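*Asks:* Dropping a structure here in structure tokens format, bear with me for questions.
The values are calculated or read from the model by the stated rules, or taken from the named source; none is laboratory data. Here the structure is a predicted model, which is why all the values come from computation and not from measurement. Counting neighbours? That spans all protein chains shown, and the Cβs are built from the backbone with ideal geometry, glycine included.
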């Protein structure tokens, strides 16, 4: 058991609260070894923690999605559906962010003196409902 890392060492290494590791264990994502009532993590468990952090931050996955991926070999053979759905959600978010960036860049075309709602360059980027009045009164 010399190759096991204590929960404090793991929490410090991954910059996580100990309570997060406890929570992930309760959710079934981790299975630390126990010695004298203390939790210790093997290399495999450390890799799982790294994956969970990566999937949470870059993949923006929920813990339920992560649980499906970690259980993929036996309990959730359709893990590809989880990944495909996450890719679709990320692509949707990227489209929203592209739109937001375009709007913000459009704001930069406005002069400092004019009110933003009257800036022609920006107004051209803002879609209006079909039945909205075309002219301001």
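*Asks:* Specify the residue that is nearest to the chain's Cα centre (by Cα); the eligible residues are those in region 53-65 that are touching a residue at least 12 places away in the same chain (Cβ under 8 Å) and part of a loop (DSSP other than H, G, I, E, B).
*Replies:* Initial filter on region 53-65 (touching a residue at least 12 places away in the same chain (Cβ under 8 Å)): 53, 55, 59-61, 63, 65.
Still in the running and part of a loop (DSSP other than H, G, I, E, B): 59-61.
Values: 59: 5, 60: 2, 61: 5 Å.
Among them, the one singled out is 60.
*Asks:* Do you know which residues across region 36-52 are in a strand (DSSP E or B) and closer than 12 Å to residue 24 by Cβ? Walk me through it before giving the result.
*Replies:* Step one: list which residues in region 36-52 are in a strand (DSSP E or B), which gives 38-41.
Once the filter is applied, which keeps residues that are in a strand (DSSP E or B) and closer than 12 Å to residue 24 by Cβ, region 36-52 yields 39, 41.
*Asks:* Among residues belonging to region 106-125 that are in contact with a helix residue (DSSP H, G or I) (Cβ under 7 Å, 6 or more places away or on another chain) and part of a loop (DSSP other than H, G, I, E, B), point out the one that is modelled with the highest pLDDT.
*Replies:* Per the stated criteria, the residue is 110.
*Asks:* A further question follows. So is residue 20 within 27 Å of residue 3 (Cα to Cα) and free of Cβ contacts under 8 Å to residues at least 12 places away in the same chain or not?
*Replies:* yes
*Asks:* While we're on this one: So which of 23, 40 ends up being over 27 Å from residue 89 (Cβ atoms) and either outside the structural domain of residue 86 (by TED's automatic domain parsing) or over 21 Å from the mean Cα position of the chain (by Cα) (or both)?
*Replies:* Values: 23 fails: over 27 Å from residue 89 (Cβ atoms).
None of the other options fit; the residue is 40.
*Asks:* Also, I was wondering about something else. Give the residues of region 68-88 that are modelled with pLDDT of 90 or more and either surrounded by 14 or more Cβ atoms within 10 Å (Cβ to Cβ) or outside any helix (DSSP H, G or I) (or both), sorted by residue number.
*Replies:* Of everything in region 68-88, just one residue is modelled with pLDDT of 90 or more and either surrounded by 14 or more Cβ atoms within 10 Å (Cβ to Cβ) or outside any helix (DSSP H, G or I) (or both), namely 86.
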